[in-house]
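The values are calculated or read from the model by the stated rules, or taken from the named source; none is laboratory data. These numbers were taken from a predicted model, which means no experiment stands behind them. In this analysis, Cβ positions are derived from the backbone assuming ideal geometry, glycine residues included, and neighbour counts consider all displayed protein chains. Remember, those area values only see protein heavy atoms, side chains included, never the ligands or the DNA or RNA. Shrake-Rupley method; radii C 1.70, N 1.55, O 1.52, S 1.80 Å.
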Amino acid sequence: MGYTDRIFPTNKGLTTYLDELLNKNYQIPTFQREVVWEKGNVKKLWDSIYKFYPLGSILIWKTDLKLQNHRHIGGHEITETNFARTEYQYILDGQQRTTSLLTSLYGGRIENKPGFDPTIYVDLTVQSENETDDESWV
């Protein structure tokens, strides 16, 4: 079996993905950088979702290796104290989007970003002709 035979794209809805994250099925390895997105990035992500634009992929690594991992994402606990499985799933790409989606929908806090409020409100009465609408997302 070649390396390309082990790459399997899957389609999951956002809520399914986030539910699986909250059910502790994914981990964030400690070699991932801290959350660096600002509120403007979160606004643009939701604008893309609202307009049905592609969001990019989230890269998950399935392995039997147990790595050091972050126990929280956006203030939500995503791993158990006695975390031991036969297969582990680590988020390698998509942590910023995952954190933004999780905290926007379920609340939370971002470590090392005091006062960062990921809550987003949209005014559906605003008509926009712009490619990116920064006015109706507050």
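For this structure, a couple of remarks:
- Residue-wise HN-Hα couplings along segment 31-41, as the Karplus relation 6.51 cos²θ - 1.76 cosθ + 1.60 with θ = phi - 60° gives them from phi, are 6, 6, 6, 5, 5, 10, 5, 9, 4, x, 5 Hz; Gly and Pro carry x.
- A straight chain from residue 68 to residue 124 at 0.36 nm per residue would run longer than the Cα-Cα distance by 15.9 nm.
- Take 74-80, 120-126 and order them by the average number of nearby Cβ atoms within 10 Å per residue, most first; the result is 74-80, 120-126.
- Within the full protein context, the accessible area of residue 116 is estimated at about 40 Å² for a probe radius of 1.4 Å.
- Spin-label pair residue 12-residue 48: with each label point 7 Å from Cα along the Cα-Cβ axis, the two points sit 1.8 nm from one another.
- Estimated vicinal HN-Hα couplings, Hz - segment 100-116 in sequence order (Karplus 6.51, -1.76, 1.60; Gly, Pro = x): 5, 5, 4, 6, 5, 8, 10, x, x, 9, 10, 4, 6, 9, x, x, 6
- Pairs beyond 18 Å (Cα-Cα), from 39/113; 51/113; 24/44: 51/113; 24/44
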